[in-house]
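Input: a single structure, listed below in structure tokens.
The values are calculated or read from the model by the stated rules, or taken from the named source; none is laboratory data. Just so we're clear, the structure is a prediction, and the values are computed from it rather than from any experiment. Cβ placement follows ideal geometry from the backbone for every residue including glycine, while neighbour counts extend to all protein chains displayed. Surface areas here come from the heavy atoms of the whole protein model, side chains and all, with no ligands, DNA or RNA. Shrake-Rupley method; radii C 1.70, N 1.55, O 1.52, S 1.80 Å.
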Amino acid sequence: KQQNQDIVKTFSEADEEYIGLSTDFNAYAYLQENYAKDKDLREWWDNRYSVSPQYQEWGAKRVRQLGRLFLHHKHLQVESIIQQKVSDTCTLYEDLVRGQNLADVGSNFRVYIISSSCGGTGSGIFLDVLYKVWRAVMSQGRIPEVRAFIFMSGIYEEEARKRSLELVQAHRAN
């Protein structure tokens, strides 16, 4: 019974496990305050993109570097959650192997990453999140075995079909 509770705790869907990357985030103000002093940000941010001084709502609007800026802003929170979940999962696995005399299946650690290619947030942070997960798994002495599912929403594709061919091609590039 305790093991079942541990499993539920490890794989819960609690609110504190989710981070709204664009919630109450003013990208314009963040860039104004951090660009000059943040070498990492300067290495990848393209200043040719003009950020609106207004708050962003509902993601990065097909602007991948804006999605990446959202992650950059909360990267410590994201890394902490990923590291904690990987650690909890490894501990649970080891407890289950010991507690039930199961055979250890090795040091591989399978991770599934699911993202959308429809906009800028998921597609903009995919590689960064992949790297953070890889690093967290490696820090536990495990070998990451990553499966990625990148999808285009049928609703989005249907809307794109209604527009001009040029627009459809632009959406599919995302």
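Quick notes
- The set of residues in the range 117-150 being within 21 Å of TRP44 (Cβ to Cβ), not hydrophobic (A, V, I, L, M, F, W, C) and not in a helix (DSSP H, G or I) consists of SER117, GLY119, GLY120.
- Scanning the range 79-114 for residues that are open to solvent by 40 Å² or more (accessible area, probe 1.4 Å) and at positive phi yields a total of 1.
- Any hit, the range 82-91, residues being part of a helix (DSSP H, G or I), of a type in the set (Asp, Glu), at pLDDT 90 or above and over 25 Å from VAL146 (Cβ atoms): no
- Annotation note: Cβ proximity below 8 Å between a residue of the range 30-42 that is of a type outside the set (Lys, Arg) and a residue that is not in a helix (DSSP H, G or I) (sequence gap 6+ or interchain) occurs for LEU31/TRP45; LEU31/VAL51; TYR35/TRP45; LEU41/TYR35.
- Looking only at residues of the range 151-174 that are outside any helix (DSSP H, G or I) and either surrounded by 12 or more Cβ atoms within 10 Å (Cβ to Cβ) or β-branched (Val, Ile, Thr) (or both), we find that the one that is modelled with the lowest pLDDT is ASN174.
- Hey, PHE126 within 13 Å of GLY141 (Cβ to Cβ) and at pLDDT 80 or above or not: no
- SER139 passes every criterion in (1) more than 24 Å from GLY20 (Cβ to Cβ); (2) at pLDDT below 95; (3) among the small types (Gly, Ala, Ser) apart from (2).
- Of the numbered criteria (1) open to solvent by 30 Å² or more (accessible area, probe 1.4 Å); (2) over 18 Å from LYS132 (Cβ atoms); (3) in a helix (DSSP H, G or I); (4) touching a Gly at 6+ places or on another chain (Cβ under 9 Å), the one ARG68 fails is (2).
- When restricted to residues that are among the hydrophobic types (A, V, I, L, M, F, W, C) and not in a loop (DSSP other than H, G, I, E, B), the range 92-109 contains 4.
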